[in-house]
1. Considering each of 79, 20 in turn, give the residue that is closer than 18 Å to residue 116 by Cβ and not aliphatic (A, V, I, L, M).
2. With the structure loaded, tell me whether residue 157 is assigned to a loop (DSSP other than H, G, I, E, B), among the aromatic types (Phe, Trp, Tyr) and either touching an Asp or Glu at 6+ places or on another chain (Cβ under 8 Å) or open to solvent by less than 40 Å² (accessible area, probe 1.4 Å) (or both) or whether it fails that test.
3. Considering only region 110-126, how many residues are assigned to a loop (DSSP other than H, G, I, E, B) and open to solvent by 60 Å² or more (accessible area, probe 1.4 Å)?
4. Residue 30 passes all but one of (1) over 18 Å from residue 147 (Cα atoms); (2) open to solvent by less than 20 Å² (accessible area, probe 1.4 Å); which number fails?
5. Quick one: which of 14, 94 is surrounded by 14 or more Cβ atoms within 10 Å (Cβ to Cβ), under 19 Å from residue 149 (Cβ atoms) and of a type outside the set (D, E, K, R)?
6. With the requirement that a residue be at pLDDT 95 or above, under 12 Å from residue 18 (Cα atoms) and open to solvent by 20 Å² or more (accessible area, probe 1.4 Å), what does region 41-56 give you?
Amino acid sequence: NNVVVLASSLTQNIASTGNRGDATGGRVAWTASANVTATLSTTDYKQGDVSDSLDIAAAFTTGLASFKATGLLDLSTYRQVSFWIKQTAGTVAIAGDVSLRLCSDTIGAVSVQTIAIPAIGTLSQWTCFTVDTGGALPAIVNSIALYVDTDRGAQTFLLSNIIAGKDSTAA
């Protein structure tokens, strides 16, 4: 068999990757803010055997909905963020209603890069987005967060396979 070996990785996992694991370890749910419930969905997922479910109650308005510590990531050689998202309940999000934020702290409070989520378009359909940030991603990332930027009432989002990618012109 032939194998192609690249000089460096073209992608870097950020969050919502892998399987749920077993009693000795594995993937755990995001940390939710008040009026938000974060769980692992074992019945609706895109890659692996689980997705991250973020259920935003009507009482939540705007701001940090949920976060996931990533461990220290240096994403400075990447400029795109790709992810799968599915909205299963609520008013369908339009461009800029919600965003993913790369944060320098471990609790999703200090945003160093905002990735506005494009219009989702329809409920109950997995959609893959790749957002080119137009420049290098941050060199210090310790968490990723989902922010609600426009209050649309109760909504539920599923996330899967959030990764950083090289420049779209990279080989």
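The values are calculated or read from the model by the stated rules, or taken from the named source; none is laboratory data. Since the structure is predicted, the reported quantities are computational estimates derived from the model, not experimental observations. Please note: Cβ atoms are built from the backbone with ideal geometry, for glycine as well, and neighbour counts cover all protein chains shown. Heads up: the accessible areas ignore ligands, DNA and RNA and are worked out on the full protein's heavy atoms, side chains in. Shrake-Rupley method; radii C 1.70, N 1.55, O 1.52, S 1.80 Å.
1. Every option except 79 fails the conditions.
2. It is false that residue 157 is assigned to a loop (DSSP other than H, G, I, E, B), among the aromatic types (Phe, Trp, Tyr) and either touching an Asp or Glu at 6+ places or on another chain (Cβ under 8 Å) or open to solvent by less than 40 Å² (accessible area, probe 1.4 Å) (or both).
3. Taking region 110-126 first, the residues assigned to a loop (DSSP other than H, G, I, E, B) are 110, 117-126.
Pick out the ones that are also open to solvent by 60 Å² or more (accessible area, probe 1.4 Å) and you get 110, 121, 123-125.
Residues in region 110-126 being assigned to a loop (DSSP other than H, G, I, E, B) and open to solvent by 60 Å² or more (accessible area, probe 1.4 Å): 5 in total.
4. (1)
5. 94
6. none
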